[in-house]
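Asks: Here's a structure for you.
The values are calculated or read from the model by the stated rules, or taken from the named source; none is laboratory data. What you are looking at is a predicted structure, and each value in this text was computed from that prediction instead of being measured. All Cβ positions, glycine included, derive from the backbone under ideal geometry; neighbour counts span all protein chains shown.
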Amino acid sequence: MSSSGSSPEPEPVKAKRAKKKTKISKPVAANPDGKDEGTNPEWDYVPPEDTVLLDHDVDSGDFDWDAVKDNDDLELWLVRVPDSVKPKYLENLKIDLPSSSRSETVGVLKRKTVSYDIWAIGDGEEQPIGGEEIRGLSCLLPRKKKKGRLFQAPKPIARHLVLSAQDVLPGSSDSNQKYQNPPRQSYPQNVLTHAFTPFGSNTAEDAEAGVKPDAMEVDEGGSRAEDVHGEASSPSKKPKSKKRKVEGESPKKSKKVKVDAA
């Protein structure tokens, strides 16, 4: 027990909690089209600088989507031409009616420097003509009722044509002419003053007869070369063989010397 005179115990201090501030939410306008749907004016295509949008609202004539669909006599033909052939070269060009089943030549386009064969690519035939990849191409046509926008053609492509340059063949004058060697060069006799005599070209008969070719004018040291050449080319000289002593041979007789008597 504690005495009455003791001091009372202090009360524990309670920590004050900070009051949270309540945020007032702003009202959000509901999108009637749903999330991430509808139109946004910022989504419209804006062309880059120094460019202008293509005006599709033009008269396409026979290539209009509705004109091709309504006319049963119109067909779509796909023609692949080289870069050197301009579209104006194809005007008033007459060709045979191509077949859609086999590949064949239906015409020729002649220019100043080169001629082009016009090939019709068949559907079920494989030939090394080129242009087989155009079978997988499709066509887009403008439609005036839809402000000139492009749509898939209502008809498939009926014919595929490819212009290919002809192979260059030699002319008749070049093929008939036989190949001839160029004429041999000739020189005057007064220029031919040197003789080509390599080492060992002189035979034994020439050396014995004393036949000597015309010597060339050479620098210093040329006379030494001629001497060596002459020694090597003369086979008449033979080296002397030494005699060997054999047992049983008689010794040489000694010379007698006379002595006068005194």
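Asks: Go through region 105-127 and count every residue that is under 12 Å from Leu163 (Cα atoms) and not hydrophobic (A, V, I, L, M, F, W, C).
Replies: 6
Asks: Evaluate region 94-105: report whether one residue or more is loosely packed, with under 15 Cβ neighbours inside 10 Å, at pLDDT 85 or above, out of contact with any Leu (no Cβ under 9 Å at 6 or more places or on another chain) and hydroxyl-bearing (Ser, Thr, Tyr).
Replies: no
Asks: Residues in region 77-90: is at least one aliphatic (A, V, I, L, M), assigned to a loop (DSSP other than H, G, I, E, B) and within 25 Å of Lys144 (Cα to Cα)?
Replies: no
Asks: If Asn31 meets every condition in (1) touching a Gly at 6+ places or on another chain (Cβ under 6 Å); (2) at pLDDT below 85 apart from one, which number is that one?
Replies: All conditions are met except number (1).
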